[in-house]
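S.K.: This structure is in structure tokens; I'll ask about it shortly.
Here, each number is a calculation from the coordinates, and none is a lab measurement. Given the structure is predicted, the values throughout are model-derived calculations rather than measurements. Neighbour counts are summed over all protein chains in view; Cβ atoms, including those assigned to glycine, are modelled from backbone coordinates with ideal geometry.
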Amino acid sequence: MTDARRPLTILLASPRGFCAGVERAIQIVERAIERYGTPVYVRHEIVHNRFVVETLEAKGAIFVDELDEVPDDRPVVFSAHGVPKAVPAEAGRRKLLFVDATCPLVSKVHREAERHNEAGRTVVLIGHAGHPEVVGTMGQLPEGGVLLVEDVEQVGTLSVADPLNLAYATQTTLSVDDTTQIVAALRRRFPAIQGPKQEDICYATTNRQTAVKAIAGRCEALVVIGAPNSSNSMRLVEVAAKYGCARSRLVQRAADMDWHWLEGVQRLGITAGASAPEVLVEELIAGCRERYDVVIEEVRTTDETIVFKLPRQLVA
């Protein structure tokens, strides 16, 4: 390769990768396997990352789409994205042993939605249609209790029964900037709308976007390690492009990297979505070292110390 040893500076965004909710969800599956033996069933991908899913499969997890694929005598774990109320209700009806790995920050949004519903308010949910977290949040309330908006344009066409009894909530993995604009549009159109005391977008999503903003203007190309169905990972690609690095893309792991794409690049940004393990970052850096004379500069914008407790039933 003609440019095999040319210099490449890697700007490594920090924080990156696993958040506390993802670490907890993975630990829940691992602990469930230790406690109940194999197989342990998991409804949907525990987090949106194939490497994580395949690692857990190798340990004895079986991933399924719906509860009817789970035998009566085996435990089932619900994914970190949360589930509609009908799912644990059905598990209870079948007397299944189930463990809920819903991220506590998603559970907080569920409780907020329920409180608003009990107070007679319609909830406007800002999020992406079809995303498991959105499906789960909408499934906390009766039909019609939640109205979904995906962008500012949809705010303009939103039809509500009582503009004076509205509240909003958001998916936890959205673009901070886009959500700010949608909330502003909602407040303009519905001045009485109520919102959360603290924004629903989780600390990890916010921190990873802030770290990308800090390096994007200094990079000629930027790689986000993550899955195409991972909302927070896709938002990082968008943020990088918006904040000065038009050549930004999602890569699942080093084996998927198009190295020709880096031709002429001297400064490469690297980050990882909240469901991508650090081993995949190390794998990509190793791939870079095979081809270039690499210098790494880690750009840290904050430290994360949050840890979430495991469910009581898995704590010995």
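S.K.: Between Arg289 and Asp72, what length in nm is gained on full extension when 0.36 nm per residue of separation is reduced by their alpha carbon distance? Write down the numbers at each step before the final one.
M.R.: On the way: separation 217, 0.36 × 217 = 78.12 nm, distance 4.99 nm.
Extra length from Arg289 to Asp72 when fully extended: 73.1 nm.
S.K.: Determine the gain in length on full extension of the stretch Ala86-Gln194; use 0.36 nm per residue of separation and subtract their C-alpha separation, reporting nm with one decimal. Numbers along the way, then the final one.
M.R.: Working: separation 108, 0.36 × 108 = 38.88 nm, distance 2.68 nm.
The Ala86-Gln194 span can extend by a further 36.2 nm.
S.K.: With unit charges on the beta carbon (Lys/Arg positive, Asp/Glu negative), name the residue among Thr55, Ile26, Val99 whose Cα is farthest towards the positive pole of the charge dipole of the stretch 20-100.
M.R.: Val99
S.K.: Sort 293-299, 148-154 for me by packing, meaning the mean count of neighbouring Cβ atoms within 10 Å per residue, highest on top.
M.R.: On the way: 293-299: 13.0, 148-154: 15.6.
Put in order of decreasing packing, that is 148-154, 293-299.
S.K.: Still on this model: What whole-number distance in Å separates the alpha-carbon centres of the stretch 90-119 and the stretch 160-191?
M.R.: Centre-to-centre distance over Cα atoms comes out at 23 Å.
S.K.: Dipole of the chain (Lys/Arg Cβ +1, Asp/Glu Cβ -1, origin at the Cα centre): which of Cys288, Thr38, Val176 lies farthest to the positive side?
M.R.: With unit charges placed on the Cβ atoms, the residue in question is Val176.
S.K.: Further question: Could the peptides 73-81, 120-128 be put in order, highest first, of the mean number of other beta-carbon atoms found within 10 Å of their residues? Provide the component values of the computation, followed by the final result.
M.R.: Working: 73-81: 22.1, 120-128: 20.6.
Highest to lowest by the protection proxy: 73-81, 120-128.
S.K.: Using helices alone, what [θ] at 222 nm do you get for the chain, with -39,500 (n - 2.57) per DSSP H run of 4 or more residues, divided over all residues and rounded to the nearest 500?
M.R.: Numbers: 10 runs with 116 residues, N = 316.
One gets -11500 deg cm²/dmol as the mean residue ellipticity at 222 nm.
S.K.: Another question, if that's okay. Pop a pseudo-label 7 angstrom from the Cα along the beta-carbon direction at both Ala184 and Glu34 and give the gap in nm to one decimal.
M.R.: 4.8 nm
S.K.: If you don't mind, there's one more thing I want to ask. Relative contact order (percent) for the chain, with alpha-carbon contacts under 8 angstrom and 6 or more residues of separation? All intermediate terms of the calculation are to be shown ahead of the outcome.
M.R.: On the way: 607 pairs, mean separation 84.4, N = 316.
Once normalised by length, the contact order is 27 percent.
S.K.: Moving to a separate point now. Quick check on the stretch 104-200: take the gyration tensor over C-alpha atoms, sort the square-rooted eigenvalues as a ≥ b ≥ c, and tell me if it's rounded (a/c under 1.5), prolate or oblate. It would help to have the intermediate numbers written out before the result.
M.R.: Details: a/c = 1.37, a/b = 1.07, b/c = 1.28.
Rounded shape, in that the Cα axes give a/c under 1.5.
S.K.: Going by amide H atoms built from the backbone, whose H comes under 5 Å of the H on Leu125, apart from near neighbours?
M.R.: Under 5 Å from the amide H of Leu125: Leu147, Leu148, Val149, Ala169.
S.K.: So if I place +1 on the C-beta of Lys and Arg and -1 on the C-beta of Asp and Glu, and nothing else carries charge, what would the dipole magnitude of the chain be about its Cα centre? I want it in debye, nearest 20. Don't jump to the answer; show the numbers that get you there.
M.R.: Numbers: 36 positive and 42 negative charges, 147 e Å.
That gives the chain a dipole magnitude of about 700 debye.
S.K.: Comparing Pro88, Pro191, Pro15, which has the greatest mean-square fluctuation in the GNM of the chain with Cα pairs linked when under 10 Å apart?
M.R.: The residue with the greatest mean-square fluctuation here is Pro191.
S.K.: Right, next: Need the C-alpha centroid separation for the stretch 255-312 versus the stretch 5-65, integer Å.
M.R.: 17 Å
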